[in-house]
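**Q** Dropping the structure in here first, questions after.
Where a number appears in this text, it was derived from the coordinates with a stated rule and is not lab data. None of the values given here were measured: they were computed from a predicted structure. Ideal geometry is used to build each Cβ from the backbone, glycine not excepted, and the neighbour counts take in all protein chains shown.
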Amino acid sequence: MSDAELRVFGVRHHGPGTARALLAGLDEFAPDCVLVEGPPDADGVIHWLAHPSLVMPAALLVYRPDEPRRANFYPFAAFSPEYRALRYGLERGLVVGFMDLPRRHTLALAYGPTMPPMAPFQALAARTGYDSYEAWWNAAIEQTGGGPELFPAILQLAEEMRLAVEPPAPPADESPEDRLARQREAAMRRRIREAAAGGCRRIAAVCGAWHGPALTDAPATDGAADVALLADLPAVEVEATWVPWTYGRLTQSSGYGAGLASPGWYDHLWTTGEAGLSPSAMSAMWLTRVAELLRGEGMDTSPGHVIEAVRLAEALAALRGRPFPTLPELEEATLSVMCDGDHEPLELIRRRLIVGERMGIIPPDAPTVPLQRDLNAQQTRLQLWPEPEKIALTLDLRQSNDMERSRLLHRLWLLEIPWGVPVKARGSQAGTYAEVWQLQWLPDLSAKVIAAAMWGNTVRDAAAARVGDTVASHDDLSKLVNLIDRIISADLPEVMPAILTRVEELAALSRDVPGLLAALPPLADTLRYGGLRQTAEHQPILRHVFDRLLTRACLGLPGACRSLDEAAAGAMIERLSAAAVAVRLVGNEQALERWQTALTRLADLPDINPTVAGRATRLLFDDAAIRPRGAEFMMARLERALTPRGSVGVTRFAADWLDGFLRDSGLLLVHDRTLWGAIDRWLTGMDDGQFIDILPLLRRTFSYYPEAIREQLQSRVSEVRPRPTGVAAPQTRFDPERAAAVVPVLRRLLGLAEPPQEASL
C-alpha cells in the first residue's frame with residue numbers, strides 16, 4: 001500500500017477534445033509521473049516522441065524477432081491524448097512509461113482479450129437522439145472540449161456502464177479472452193504500484209475510458225490478487241520501434257482498439273480547438289476548406305456556397321436538437337449546396353479531408369533493422385520517396401537512375417514488400433525500355449520490411465536469399481518460371497543457375513501438362529521482351545529451358561486431353577492458345593514445327609475431347625500460310641469435322657468441335673468467307689431436329705463474342721447467303737419475305753436482343 005495520489009484520466013483513443021481537456025487536467029494536477037495505456041516493453045523508445053525530426057502520425061511497433069509477422073501496432077496522431085500525455089511528461093522531465101500487460105506475454109498467446117461490449121453505449125446514444133455512440137461522444141466531448149472537470153464525469157459514466165454488463169465475480173467457466181482482459185487491467189494496476197514504490201507521489205494514469213474504474217484504488221491495495229492473476233503467463237522475446245503511419249491506416253483496428261472513421265476531421269478539431277475557435281467557427285472553417293478543395297479540382301465553389309452551406313448545416317443541427325453542426329450535418333450541407341447532390345465530389349472530400357492523406361516521418365537515426373536502413377539509404381540515393389497516396393511512376397530503363405529504381409522495386413517485390421505494383425504500359429509508354437509502376441507506401445510495409453530482415457541486411461542480399469529459399473522449397477513449375485523474369489529484372493544473376501537447374505529438373509519429371517503449358521508464355525515474354533536487362537549469357541540458357549518445357553508438353557498433350565469435362569476442356573484450350581502465342585513469339589522454326597506436329601496429332605485423335613480438337617485445328621489454321629499443304633488442307637479438316645452423320649450425338653460432337661474452333665474468333669468468322677461458307681453448308685445440311693438440338697450449343701459459342709462482332713455477323717446473315725470461293729452461284733430469285741422469316745431464329749442463335757418495335761399510330 002502507498003500514500004501516493006493517483007488521478008485517472010479516462011480518454012477516447014485519438015480524441016482531440018479529450019486531448020485538450022487532458023492537458024488542462026495535467027496542468028491542474030501537476031503530476032511527477034505520467035503512465036499511459038500501452039506496452040511496457042516499449043518504454044525504451046518513448047523518448048523518440050520528443051525528437052525534433054519526428055512528424056506525426058507514427059505507430060509504435062512491438063514484434064517478435066523470431067516471428068516478425070506476430071506484431072502489434074499502437075498508432076499515435078498529433079491529436080491523440082496518449083501522445084499528448086507522453087509529450088507533456090517528456091517536455092517537463094517527468095517519469096513517463098506505459099502500463100498494460102506486456103507484449104512479451106500477449107504475443108505468446110494465440111488469442112486476444114475480449115473487447116468492451118457496445119450495447120450499453122449504443123443504448124445511451126439512442127436515448128440522447130444519436131445514431132451511434134461515436135456520434136454522441138464526438139458531439140458531447142470531442143467537438144466541445146472542456147476542462148479537467150470532464151474526467152470525473154467520464155469516470156462515473158464508465159463505472160455505470162461496467163456495473164450494467166459485468167458480473168460481480170468472474171464465472172467459473174470464464175473464457176481465456178475474458179481472463180486476458182482482466183489480466184490487462186491487473187497489469188495496469190501493478191505498473192501504478194511499481195511507480196509508487198519507486199518514489200512517485202502524484203501519478204497520472206491515462207487510459208481508455210472503460211478501464212478507468214478498474215484502476216482508481218490501485219495505490220491503496222497490496223495487489224495480491226493481481227499477482228495471482230498474472231502468474232504463470234507465457235513469455236517470448238519482443239522488440240519495439242517506431243514506424244511511419246497514415247491517417248488512412250488510423251481508420252483500421254490496431255493496438256488501440258477500433259479504427260477512427262474520420263482522422264482528418266479530428267485533426268481539424270484539434271488545430272481549430274488549439275486556436276481557440278468555438279464549435280460553430282470550427283464548422284465554418286471546415287466548409288471553407290471543403291470549398292478550397294473543390295475549387296482546386298475545377299468545381300465552381302464560391303464564398304456564397306460556403307455561407308449557404310453553413311446556414312444549412314446550422315439549420316439541420318437545430319432541427320435535430322443539437323447546439324451546433326457535427327460532421328453528418330456538414331456532409332449533408334456539402335452534398336446539397338456544393339456538390340449539387342452528386343456523391344462523387346463527396347467521396348473526394350471524404351478521402352482528402354475527412355480521412356486525410358497525411359503520412360508521418362520517423363527520425364533516420366531511430367532504432368530499426370539493418371534492412372530498413374539500407375532501404376532508407378537507397379530511397380535517398382534514388383530520390384524515390386515513400387508517399388501515402390497512389391502515384392504513377394514511369395521509368396525509362398535507358399536511364400541509369402531509372403534502371404536502379406526498377407531493380408529496387410523488383411527486389412522489394414521478391415521480398416513481398418509491394419511498395420510498387422507493376423502496371424501494363426500503354427500507348428507511348430509501351431516498349432522494352434519503359435516500365436510503369438503504381439507506388440503507394442502503406443504503413444504495414446514497415447512491418448513487412450522487419451519480417452524480411454531475416455533474409456539479409458541489404459535489399460539485394462535479402463532478395464537473393466529469399467529467391468534461393470523459394471527455388472529450393474517449391475515444386476510449382478509455373479511459379480518458378482514466372483520468377484525468372486523477376487530475377488532478371490531485379491538484377492540477381494547469382495541465383496539464375498539454381499532456378500534454371502530446378503526448372504529443368506521439374507520439367508523432366510513433370511506429368512502436369514497444363515502446368516508445362518502455363519510455364520511457356522512467361523518464359524517466351526522474357527526471351528522476346530527482356531530488352532535492356534538481358535545479358536549475353538541469359539539467351540542460350542533460357543532458350544534451352546523453353547525447348548525442354550515445350551518438348552515435355554508436346555509429348556504429354558494427347559494423354560492430357562482425353563476424358564476432359566466441359567470446364568477442364570475450356571481451361572485446356574486457353575492454355576493451348578497461350579502456348580501457341582508463346583511458340584510464335586520465340587520465333588524458333590524447330591520449336592514451331594515440333595508444336596505443329598503435336599497439334600496435328602492432337603486434332604486427329606479419335607477419342608479426344610471435341611472442344612480441344614477444334615481448338616487444335618484452329619491453331620493449325622492460324623499457321624496455314626506456313627504449312628506445306630496450305631489453307632485447303634485445313635479446310636478439308638474443318639469440313640470433315642462438320643459433316644452431318646445422321647446422329648444427334650455426332651451433331652453435338654460437331655458443335656463442341658466448332659466451339660473450340662471459333663471461341664474468341666469472331667473477327668475470323670466475319671472476314672474469312674471460306675470459313676463462313678463451310679459453316680453455312682454444315683448448318684443448312686441439318687434437319688429440323690438436329691438444328692433445334694444444336695442451337696443452345698451454338699448460342700454458347702457466339703455468346704463469347706463482343707456485341708459489335710455479333711452485330712456484324714447478323715448483317716452478314718441478313719444478306720444473300722454467301723457461296724464458297726470458286727463455286728458459281730445458281731441463278732435464283734431472292735425472296736425477301738422468306739429471308740426475313742429466318743432472322744428471329746438467327747438473332748436467337750447469335751444472342752442478340754430483339755429490335756424495338758415501331759410504334760403504330
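**Q** Between Glu707 and Ala434, 0.36 nm times their residue separation minus their Cα-Cα distance comes to what? Mind showing how you got there, number by number?
**A** Working: separation 273, 0.36 × 273 = 98.28 nm, distance 3.39 nm.
So the chain would gain 94.9 nm between Glu707 and Ala434.
**Q** Order 303-311, 170-178 from most to least packed using the mean count of other Cβ atoms within 10 Å.
**A** Top to bottom by mean Cβ count within 10 Å: 303-311, 170-178.
**Q** Express the relative contact order of the chain as a whole percentage, based on alpha carbon pairs under 8 Å and six or more residues apart in sequence. Don't skip to the answer; put the middle values down first.
**A** On the way: 1121 pairs, mean separation 79.0, N = 761.
Averaging sequence separation for qualifying contacts and normalising by length gives 10 percent for the chain.
**Q** Could you tell me the distance between the Cα centroids of region 608-623 and region 119-176, to the nearest Å?
**A** Distance between centres, Cα-based: 70 Å.
**Q** Follow-up question, since we're still on this one. Would you mind calculating the relative contact order of region 1-101 from Cα pairs under 8 angstrom and at least 6 residues apart, reporting the percent as a whole number?
**A** The normalised contact order for region 1-101 reaches 41 percent.
**Q** Roughly how big is region 57-122's charge dipole about its Cα centre, with Cβ charges of +1 (Lys, Arg) and -1 (Asp, Glu), in debye to the nearest 20?
**A** 80
**Q** Give the lysines whose C-alpha is closer than 22 Å to that of Lys390, dropping any in the same chain fewer than 8 places away, or say none.
**A** Cα-Cα hits under 22 Å: Lys424, Lys448.
**Q** Of all beta bridges DSSP finds with both residues in the chain, what is the antiparallel percent, to the nearest 5?
**A** Antiparallel bridges: around 65 percent, rounded to the nearest 5.
**Q** Rounded if a/c is under 1.5, else prolate if a/b is larger than b/c, else oblate: which is region 136-206, with a ≥ b ≥ c the root eigenvalues of its Cα gyration tensor? Each step should come with its number before you reach the end.
**A** Values: a/c = 2.63, a/b = 1.16, b/c = 2.27.
Oblate is the answer for region 136-206, as a/c is 1.5 or above yet b/c matches or exceeds a/b.
**Q** Highest mean first, how do 108-116, 589-597 rank when packing is the count of other Cβ atoms within 10 Å averaged over residues?
**A** 589-597, 108-116
**Q** Moving on. Using a Förster distance of 60 angstrom, determine the FRET efficiency expected from the C-beta separation of Glu332 and Thr501, and round it to 0.05.
**A** 0.35
**Q** Sort out for me the Cα centre separation of region 78-114 from region 1-48, rounded to whole Å.
**A** Taking the Cα centre of region 1-48 as reference, the centre of region 78-114 is 9 Å away.
**Q** Extension gain Thr271-Ala392, at 0.36 nm per residue separation less the Cα-Cα distance, in nm?
**A** Additional length available on full extension: 40.4 nm.
**Q** Could you give me the ³J(HN,Hα) list for region 198-203, computed from phi with Karplus coefficients 6.51, -1.76, 1.60 and θ = phi - 60°, whole Hz, x at Gly and Pro?
**A** With the stated coefficients, region 198-203 comes to x, x, 6, 10, 10, 10 Hz.
**Q** At a 4.7 angstrom Cβ threshold, list every cysteine in the chain that has nobody to pair with, or say none.
**A** Cys207, Cys339, Cys554, Cys561
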